[in-house]
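Chemist: First the structure, which I've put down as structure tokens, then a few questions once you've had a look.
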């Protein structure tokens, strides 16, 4: 965004909402608030250098509810041409060396005729579209500057930035990731543990088309997910993989010989789509569970990974963050319309009550699933495979799970239904 706008934001010490973090959650929160209440003075500050988001070659699964929200925010039309619909999902449970992987569970990929339960979207496309919409709405973005501290008082917060600037805001939204510094500054404790696993992510090219099918193979070291991507500009068939391995093994795989990596990849991916090859450098991230004990403090609200970091086994991390955005925006906008103080704790408690139980439930669910499926204990294998088989034979139960995965289960905020606040 223009340097003039950044300069204006640095000098403007009177804001309604300051959002720390210019990832998808922070950008979506800013756009949601400004679109619904143009009079709100909203700004974003981000510690990452300008342009670093353009180097992200990964892709994310966007549930149907999140795509409805993005459509309501005016960005889905820009994203949709490059998005790949997930038309089918299959689940297998096997060992790495097994010659055959029996399919225990299949899901139709639609929640309504013509509406897939999820799409795969390039991170660059998602971030870029949200940034351009934020710019159109006049949202200030200050990049390459971290929040150093903040002081409460006088009906607001004074936020001190690392470059010496000070901003005054009625509400500070921490969307600065799973290792949130603002969460720590606010004195909010977390429940946290590591899994001893890392998630390897890369893009794979293959000979034959995937036809929109996603696959999740439960292997002893952790799930191996294959997620369909739109073909490249030259027509190359592509998929994204999220490969869970024990942390030491993952480090050796991504830092070791490329040939060894591709051999191990082929053993897990298989040759059903013909010859395969990694088209970018694989990277690995440590996996764990982080749940904030509180989502709010006086004049502070946590959103996205700052509030919850969960295992990717269900592909719900980003979608939980968008659910936070939709709920927080609805609470703030309604409070502002009623003339209430948007940073007051009683207002923010409404957001916490809406989101905390759902998030805790998802955190516990992914934790249990990971522990249940990331092992090779024979009795557990038998129990889980019977369980998958039972679900496969119960259409209504499958429909329930698809609806939950689409983000449309429970008390859904308006934006996730595709409705304006």
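Read-outs: derived from the displayed coordinates by stated rules, not from any lab. Worth saying up front: this structure is predicted, and the values here are computed from it rather than measured. Note that each Cβ is placed from the backbone with ideal geometry, even for glycine, and that neighbours are counted across all protein chains shown.
Chemist: Mean separation of Cα pairs under 8 Å and 6+ residues apart, divided by the residue count of the stretch 306-395: what relative contact order is that in percent? The partial results should precede the final answer.
Modeler: On the way: 42 pairs, mean separation 28.9, N = 90.
In percent, rounded to a whole number, it is 32.
Chemist: Taking R0 as 30 Å, what's the FRET efficiency between residue 58 and residue 386 from their Cβ-Cβ distance, rounded to 0.05? Don't skip to the end; give the middle numbers.
Modeler: Numbers: r = 35 Å, r/R0 = 1.17.
Computed FRET efficiency for residue 58 and residue 386 comes out at 0.30.
Chemist: On a full-extension model of 0.36 nm per residue, what is the gain between residue 90 and residue 377, subtracting their alpha-carbon distance, rounded to one decimal in nm? The partial results should precede the final answer.
Modeler: On the way: separation 287, 0.36 × 287 = 103.32 nm, distance 2.23 nm.
Once the chain is fully extended between residue 90 and residue 377, it gains 101.1 nm.
Chemist: Pop a pseudo-label 7 angstrom from the Cα along the beta-carbon direction at both residue 268 and residue 420 and give the gap in nm to one decimal.
Modeler: 4.6 nm
Chemist: Turning to a different aspect of this structure: Averaging sequence separations of C-alpha pairs under 8 Å and six or more residues apart, then dividing by the length of the chain, give the relative contact order as a whole percent.
Modeler: Details: 871 pairs, mean separation 89.4, N = 421.
Averaging sequence separation for qualifying contacts and normalising by length gives 21 percent for the chain.
Chemist: Each label point is 7 Å from the Cα along the Cα-to-Cβ direction; what then is the distance between the points at residue 166 and residue 48, in nm?
Modeler: It works out to 3.0 nm between the two label points.
Chemist: Does the stretch 310-385 come out rounded, prolate or oblate, given a ≥ b ≥ c as the square roots of the eigenvalues of its C-alpha gyration tensor, rounded meaning a/c under 1.5 and, failing that, prolate meaning a/b above b/c? List each step's numbers first, then the result.
Modeler: On the way: a/c = 5.37, a/b = 3.70, b/c = 1.45.
Prolate, because a/c is 1.5 or more and a/b exceeds b/c.
Chemist: I would also like to ask the following. So for the pair residue 80, residue 293, with labels modelled 7 Å out along Cα→Cβ, what separation do we get in nm?
Modeler: Modelled inter-label distance: 4.6 nm.
Chemist: Still on this model: Could you work out which residue, out of 312, 116, 395, moves most in a Gaussian network model of the chain, that is, has the largest mean-square fluctuation with Cα springs under 10 Å?
Modeler: Maximum among the listed residues: 395.
Chemist: Then there's this: How far, in nm, would the chain grow between residue 278 and residue 346 when pulled straight, counting 0.36 nm per residue and subtracting the alpha carbon separation?
Modeler: Values: separation 68, 0.36 × 68 = 24.48 nm, distance 5.05 nm.
Result for the pair: 19.4 nm of gain on full extension.
Chemist: Now a separate question. Could you tell me the calculated FRET efficiency between residue 233 and residue 158, based on Cβ-Cβ distance and R0 = 51 angstrom, to the nearest 0.05?
Modeler: Numbers: r = 48 Å, r/R0 = 0.95.
It comes out at approximately 0.60.
Chemist: Let me make sure I get this right: for the stretch 47-126, a, b and c are the square roots of the gyration tensor eigenvalues over alpha carbons, sorted descending. Under 1.5 in a/c it's rounded, otherwise prolate if a/b > b/c, else oblate. Which is it? Kindly include the intermediate steps, with their values, before the conclusion.
Modeler: Details: a/c = 3.46, a/b = 1.47, b/c = 2.35.
Oblate, since a/c reaches 1.5 and b/c is not below a/b.
Chemist: Further question: Quick check on the stretch 27-80: what does the Kirkwood estimate of hydrodynamic radius come out to from the alpha carbon pairs, in Å? Let's see the in-between values first.
Modeler: Numbers: mean 1/r = 0.0759 Å⁻¹.
Hydrodynamic radius (Kirkwood, Cα pairs) of the stretch 27-80 is 13.2 Å.
Chemist: Right, next: After finding the eigenvalues of the alpha carbon gyration tensor for the chain, what semi-axes result from the square roots of 5 times each, listed largest first in whole Å?
Modeler: On the way: eigenvalues 282, 100, 88 Å².
One finds semi-axes of 38, 22, 21 Å for the chain.
Chemist: If you bin the C-alpha pair distances of the stretch 177-281 every 5 Å from 0, what whole percents do you get?
Modeler: All Cα pairs considered, the percentages come to 2, 11, 20, 20, 15, 11, 9, 6, 4, 2, 0.
Chemist: Using a ≥ b ≥ c from the Cα gyration tensor of the stretch 333-421 (square roots of the eigenvalues), is it rounded, prolate or oblate, where a/c under 1.5 gives rounded and otherwise the larger of a/b and b/c decides, a/b for prolate? All intermediate terms of the calculation are to be shown ahead of the outcome.
Modeler: On the way: a/c = 5.25, a/b = 2.20, b/c = 2.38.
In terms of gyration-tensor shape, oblate.
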